[in-house]
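**Student:** Next up is a structure, given as structure tokens.
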Amino acid sequence: MTAPEIIELLARGGTVGLSLVLGLVFARDVRASIAARLGIVFALGVAAYALVSSNTISDALGFVTPVLNLLAIPTGVFFWWFATALLDDTFRWHNWRLAPIPLVALAAGFHFLSEPGSTLSVGAALAWQAVNIALMAHAVILAIRDWPGDLIAPRRWFRIAFAGLIACVGITISVLEARYAGEGLPAWVFLGHGYILFALASLFASWLITAPAQLFNAAVGSSSGNAVANGVSPEDRPLAARLEQAMRDGHYREPGLTVGSLAAHLKTREHRLRRLINQGLGHRNFAAFLNTHRLAEARRILADPDRAHDQVLTIALDLGYGSIAPFNRAFRAETGTTPTLYRRTSLSRF
């Protein structure tokens, strides 16, 4: 065994160790956050994958390898679960998120049980990796899409690294595995694979261990709109008062309102306004902050008999929503019902 091969095995061992440490870090927030619970599953999947993706380690483990494969094969799905839960504050677990598991399991089964290099084996490998690539691409899109409105500074910058490095490396690995599905991965891929896994695990562990508790503990913003009453620091109270006045003046109705444009209106720095809304008012993203004001006004309008004939679409557009769909989603998430049913129930009291 050459020196690079020995180093690669050590790197894989380091990846396993770091993954287990990450699992313990996630465990501290397991009761407060579904992202932490899914993070444990992902960490175990990575540890298993680091072992079984090495022919040397896989052969040495013997009968343990098939057991580890049960965790390693759906690691791409575990990654998708964890990433979407971490990056999307509106994430809710639904059983349809289990759908990729049987697809990946079926494809992997055909790949491993068919004759190596056969059309069926190669086709199954391609299908397996196609699912992984699609899931990772969705996570990258989510990271980029919600980056402007993210108010948690460590997570905001993590989105950049996530989209530009972690997910892209994962996609590259899937592409390579699909490319060499019929002939086996060359030695240089195995070596690079082990090194990259360790580098990514090290970077992610160093970031996560120093990340604030609010990363996983959902904050609940004020729905009253009273900014000064939410424990804002003394130096931010003048800004909080201006922000509160802007919301009373209906500035939240501005279509396409961003943190940057609101900061310009308030004549303050964007990072200071982000800190105020996040740490002072308890909102994890800018959309949630706007929704506290927009949806409070929506409930008032929908319950007003004098405005019973206003179309829901008109109300949504007047409140700053670009279309009816995001308004309906936000309203349902806030109230548990649709705007139409809320209006019907409210007006039935008159």
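The values are calculated or read from the model by the stated rules, or taken from the named source; none is laboratory data. Note that the structure is a prediction, hence the values are computed from the model and not measured. Heads up, the Cβs are rebuilt from the backbone with ideal geometry, glycines too, and the neighbour counts pull from every protein chain shown.
**Student:** Could you tell me whether Ala288 is among the hydrophobic types (A, V, I, L, M, F, W, C), surrounded by fewer than 18 Cβ atoms within 10 Å (Cβ to Cβ) and either closer than 30 Å to Ser346 by Cα or not assigned by TED's automatic domain parsing to the domain that holds Glu334 (or both)?
**Tutor:** Judged against the criteria, Ala288 is not a match.
**Student:** Right, next: Give me the pairs, please: first residue somewhere in region 57-75 and in the same structural domain as Val104 (by TED's automatic domain parsing), second residue anywhere and surrounded by 13 or more Cβ atoms within 10 Å (Cβ to Cβ) and basic (Lys, Arg), beta-carbon distance under 9 Å, and either six or more positions apart or on two chains.
**Tutor:** Partner pairs satisfying both residue conditions: Ile57/Arg12.
**Student:** So the check is Cβ under 6 Å with 6+ separation or different chains; which pairs have a first residue in region 171-187 that's closer than 18 Å to Val77 by Cβ and a second one that's at pLDDT 75 or above and among the hydrophobic types (A, V, I, L, M, F, W, C)?
**Tutor:** These pairs meet every condition: Ile171/Ile133; Ile171/Met136; Ser174/Ile133; Ala178/Leu126.
**Student:** Need the failing condition index for Ala201 against (1) among the small types (Gly, Ala, Ser); (2) modelled with pLDDT of 70 or more; (3) not assigned by TED's automatic domain parsing to the domain that holds Val30, just the number.
**Tutor:** (3) is the only condition that Ala201 fails.
**Student:** Same structure, new question: Counting only residues that are closer than 11 Å to Arg343 by Cβ, small (Gly, Ala, Ser) and part of a helix (DSSP H, G or I), how many does region 294-318 have?
**Tutor:** Looking only at that region, the number is 1.
**Student:** Pairs only if they're at least six apart or on different chains, beta carbon under 7 angstrom, first in region 325-339 and within 13 Å of Ala296 (Cβ to Cβ), second β-branched (Val, Ile, Thr); list them, first residue then second.
**Tutor:** As it stands, the answer is Phe331/Thr338, since those pairs meet every condition given.
**Student:** If you take the residues in region 101-125 that are surrounded by 17 or more Cβ atoms within 10 Å (Cβ to Cβ) and at pLDDT below 90, which one is nearest to Gly170 (Cα to Cα)?
**Tutor:** Checking each candidate, the answer is Ala125.
**Student:** Of all residues in region 55-99, how many are surrounded by fewer than 20 Cβ atoms within 10 Å (Cβ to Cβ), over 16 Å from the mean Cα position of the chain (by Cα) and not in a helix (DSSP H, G or I)?
**Tutor:** Total satisfying the criteria: 3.
**Student:** Moving on to the next point. Give the residues of region 140-176 that are of a type in the set (Val, Ile, Thr) and either surrounded by fewer than 17 Cβ atoms within 10 Å (Cβ to Cβ) or over 12 Å from the mean Cα position of the chain (by Cα) (or both), sorted by residue number.
**Tutor:** Ile141, Ile144, Ile152, Ile160, Ile166, Val169, Ile171, Thr172, Ile173, Val175
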